[in-house]
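Asks: The structure's right below; bear with me while I get my questions together.
No value in this document is a laboratory result; all are computed from the given coordinates. Predicted model only: the values in this text are computed from it and were never measured. Cβ sites come from the backbone with ideal geometry, for glycine too, and all protein chains shown count toward neighbours.
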Amino acid sequence: MEYATNGHLNGHTNGNGIATPQPKYAPLSSVWEGSDIELLEAMLNFYPSIKPSPILDATYNTGRMWKGSKRRVVSMDIDPKYKTDIVGDNRIMEGVASRRFGVVVYDPPHVGPQGRDKSVKRFDEDFGAHVECGKEHNWTLSYLYPPFLEQAKRILKPNGLLLAKITDMVNSHRSKWAHCDFMRMAEEAGFTVCDLIVKIRNGPMISNKWQHAHHARKRHCFWIICRNGTSCERERYH
């Protein structure tokens, strides 16, 4: 049974005046220090108002985010070498049916290419840093979001979830607030942005190209929870 802060039982009374317990208040923390898969599992248990399946990972790569998960995930990546279920650009999603998925997961590149030497190429491979974000893009990767969001809204079922992992970055000597861009663009695309969870990393991304520090080294990213509907207050599915 759950008690209010004043010590009284939270709930309703039946016809005999006897209190009947209500479901326990069990929030999800807004700061997460565990792994991505643990957080994904927590979000998939907490947020859905419809059955959270099928799940599309629109930026699957090697699928390491799902290591240890028992959930069936439809994989998508633009690079055929990863042998995903769907090979294609998540900004186009050619051939993907509308209203097919209950959940779309999105983990786009967080930094641009760092250089050409072997160690930097490994950094680029590990962090997906192949997409250009130069002057013509205002030194940011946020230009990737609107076409993806349009497709994500199309392929999601009504009230389906979009779970996006977004990291801010520093480029051309300026902080670029990607999570702010994504939330604004998601609302403009017709999503309701419901929550923001700060996920703590074990350690920051580091490249040997970086010589001097002028900004705090980021040890966190954001998971942004969006619903393909007009309300954040969910009714539990059965």
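Asks: In what sequence, highest mean first, do 100-106, 73-79 appear when ranked by Cβ atoms within 10 angstrom? Display every interim value, and only then the final one.
Replies: Values: 100-106: 23.7, 73-79: 19.4.
The peptides rank, most packed first, as 100-106, 73-79.
Asks: For Cys194, which sequence-distant residues (separation of 5 or more, or a different chain) have an amide H within less than 5 Å of its own amide H, given hydrogens modelled in the peptide plane?
Replies: Under 5 Å from the amide H of Cys194 lie the amide H atoms of Ile225, Cys226, Arg227, each far enough along the sequence or on another chain.
Asks: If neighbour count is taken as other Cβ atoms inside 10 Å, put Cys221, Cys180 in order from fewest to most. Could you put the intermediate results ahead of the total?
Replies: Numbers: Cys221 22, Cys180 13.
Listing Cys221, Cys180 from fewest to most nearby Cβ atoms yields Cys180, Cys221.
Asks: Now for a different question. For Leu39, Leu163, which order do you get if you count the other beta carbons within 10 Å of each Cβ and list the fewest first?
Replies: If I rank by nearby Cβ atoms, fewest first, I get Leu39, Leu163.
Asks: Fewest to most neighbouring Cβ within 10 Å: what's the order for His214, His110? Please list the in-between numbers first.
Replies: Working: His214 6, His110 18.
Going from least to most buried by this count: His214, His110.
Asks: Give me a comma-separated list of calculated 3J(HN,Hα) values for segment 156-161, in order, Karplus coefficients 6.51, -1.76, 1.60 applied at θ = phi - 60°, integers in Hz, x for any Gly or Pro.
Replies: Listing the rounded values in order: 7, 5, x, 6, x, 10 Hz.
Asks: Given labels modelled 7 Å from the Cα in the Cβ direction, how far is it in nm from Lys70 to Thr192?
Replies: Simple spin-label model gives 3.2 nm for this pair.
Asks: Here's another thing I want to ask about it. Once fully extended, how much extra length lies between Thr62 and Leu28, figured as 0.36 nm per residue of separation less the alpha-carbon to alpha-carbon distance? Before the final figure, lay out the partial values.
Replies: Details: separation 34, 0.36 × 34 = 12.24 nm, distance 2.80 nm.
Roughly 9.4 nm would be gained on extension.
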